[in-house]
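Read the structure below first, then the notes.
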Amino acid sequence: MSALVIETSGLRKEYTSRRGGRRVAVQGLDLAVPAGGVHGFLGPNGSGKTTTIRMLLGLSRATAGSMRLFGEEVPQRLPSVIGRVGAVVESPKFSPHLTGRQNLLLLARSISAPDARVDAAVETVGLTGRDADRYRSYSLGMKQRLAIAATLLKDPDLLILDEPTNGLDPAGIREVRDTIRDLGAAGVTVLLSSHILAEVQQVCTSATIIGNGRLLASGTVDDLLAGAAAHRVVTPDPVVAARVLREAGLAVIGPAEAPGDHHADHRADHPGSEPDHALTIETDDPARITRVLAETGVWLSELTPVRQDLESYFLALTAGDTLGGR
Ligand SMILES: Nc1ncnc2c1ncn2[C@@H]1O[C@H](COP(=O)(O)OP(=O)(O)OP(=O)(O)O)[C@@H](O)[C@H]1O
């Protein structure tokens, strides 16, 4: 069996409008989600997250490329793996007049799951004590947690959650986030799609960032953040400093961008563009900066780490994309 729970290769989706126009929603996406933990699937609105998830679940047909769940080719082998997958993609239909528990019991019986699983699911999502209340009295956060509980009835190994905190207030976001973190810690692999980076950074162990249907970055959150680490340097000779640092292979945001700097386009309007004598160097290794500059006889008057979070990294990566294609 593949160690990857979700794997896509060259995945592509084109939508064709009635008038014959084409919109490419996903283009050549290679996705690799390892087993265990919470994997963030991040991208701005309209970047192709829902489309990708719908293709994985057999709800939409890929135009090209291949997909595997638990090492099995889908959609061909979907019937043999779908029992291991729980998903909240659209708002599930619960009866407003029944209690949360009654709704879950109905669902459990429809899939021949034992009633005991309802208790376990209610407890996992933290609805114990509120499960005897009618669904219509639930807050949005509780409704979302009930939806997650419904997917747990079949005891899935993989849980796919599409923007589960959408529309929730901060308290609701926290409730759902805690539930997701607990599930990941309990050994379920969770694919969590979101455009709310700060939230994802707190729960995810690894993440894939997409923009315009394309892969932008992927890895553990720690690695992604290490890639986003930077240091700010103030020096009397920033032009020479920038040149030698670039020659040493470091990415420098500073005076006069070097042609071919792959982030240059993003930086023109980005607050990271540095005035006067300051440069920002994208590395988590300050010794490398001092060594390169000392060898050239350029002095530093200041060297400070710049704390970038996943949000800043994501914004820099997606800044060149057209946001909100809907
Ligand atoms: N049924 C459809 N027909 C035509 N275009 C579609 C359809 N569904 C999605 N799209 C387009 O495909 C692109 C990707 O949309 P998708 O919903 O997958 O993005 P998303 O990342 O999930 O966004 P959001 O965060 O807003 O849910 C968008 O440009 C969208 O307008």
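The values are calculated or read from the model by the stated rules, or taken from the named source; none is laboratory data. Here the structure is a predicted model, which means the values were calculated and not measured. Don't worry about glycine lacking a Cβ; one is built from the backbone with ideal geometry, like all the others, and counts go over all protein chains shown. The protein model used for the area step is the full one, side chains on, heavy atoms only, and it has no ligands, DNA or RNA in it. Shrake-Rupley method; radii C 1.70, N 1.55, O 1.52, S 1.80 Å.
Filtering Pro92, Pro79 for residues that are more than 11 Å from the ligand (Cβ to nearest atom), outside any loop (DSSP other than H, G, I, E, B) and open to solvent by 20 Å² or more (accessible area, probe 1.4 Å) leaves a single hit, Pro79.
Here is the figure for the range 163-195: residues that are within 16 Å of the ligand (Cβ to nearest atom), within 16 Å of the chain's Cα centre (by Cα) and open to solvent by 50 Å² or more (accessible area, probe 1.4 Å) total 2. Filtering the range 196-218 to residues that are within 16 Å of the ligand (Cβ to nearest atom), open to solvent by 10 Å² or more (accessible area, probe 1.4 Å) and among the β-branched types (Val, Ile, Thr) leaves only Ile196.
The conditions of being within 15 Å of the ligand (Cβ to nearest atom), aromatic (Phe, Trp, Tyr) and touching a helix residue (DSSP H, G or I) at 6+ places or on another chain (Cβ under 8 Å) are met by Phe41.
Evaluation of Arg19 against the conditions (1) touching a residue at least 40 places away in the same chain (Cβ under 8 Å); (2) more than 7 Å from the ligand (Cβ to nearest atom) shows that the sole unmet condition is (1). Filtered by the rule that a residue be part of a loop (DSSP other than H, G, I, E, B) and open to solvent by less than 20 Å² (accessible area, probe 1.4 Å), the range 1-48 gives Gly37, Gly43, Pro44, Ser47, Gly48.
In the range 219-235, the residue that is farthest from the ligand (Cβ to nearest atom) out of those that are modelled with pLDDT of 90 or more and buried (at least 19 other Cβ atoms within 10 Å of the Cβ) is Thr235.
Which of the following residues is of a type in the set (D, E, K, R), in contact with a Ser or Thr (Cβ under 9 Å, 6 or more places away or on another chain) and closer than 30 Å to Leu4 by Cα: Arg145, Arg84, Arg117?
Of Arg145, Arg84, Arg117, the one residue that is of a type in the set (D, E, K, R), in contact with a Ser or Thr (Cβ under 9 Å, 6 or more places away or on another chain) and closer than 30 Å to Leu4 by Cα is Arg145.
For the residues Glu90, Glu7, Glu72, the requirement of being modelled with pLDDT under 95 and among the acidic types (Asp, Glu) singles out Glu90.
Arg68 meets each of the listed conditions (1) away from the ligand (no atom under 12 Å from the Cβ); (2) under 22 Å from Leu152 (Cβ atoms); (3) crowded, with 16+ Cβ neighbours inside 10 Å; (4) in contact (Cβ under 8 Å) with a residue 24 or more places away in the chain apart from (2). Comparison of Ile173, Ile160, Ile148 shows that the only residue that is among the β-branched types (Val, Ile, Thr) and in a strand (DSSP E or B) is Ile160.
Being free of Cβ contacts under 8 Å to residues at least 60 places away in the same chain and away from the ligand (no atom under 16 Å from the Cβ) is true of Leu105. Any residue that is farther than 25 Å from Ala150 by Cα, open to solvent by 30 Å² or more (accessible area, probe 1.4 Å), assigned by TED's automatic domain parsing to the domain that holds Gln144 and within 15 Å of the ligand (Cβ to nearest atom) - is there at least one of those in the range 49-61? For the range 49-61, residues farther than 25 Å from Ala150 by Cα, open to solvent by 30 Å² or more (accessible area, probe 1.4 Å), assigned by TED's automatic domain parsing to the domain that holds Gln144 and within 15 Å of the ligand (Cβ to nearest atom): present.
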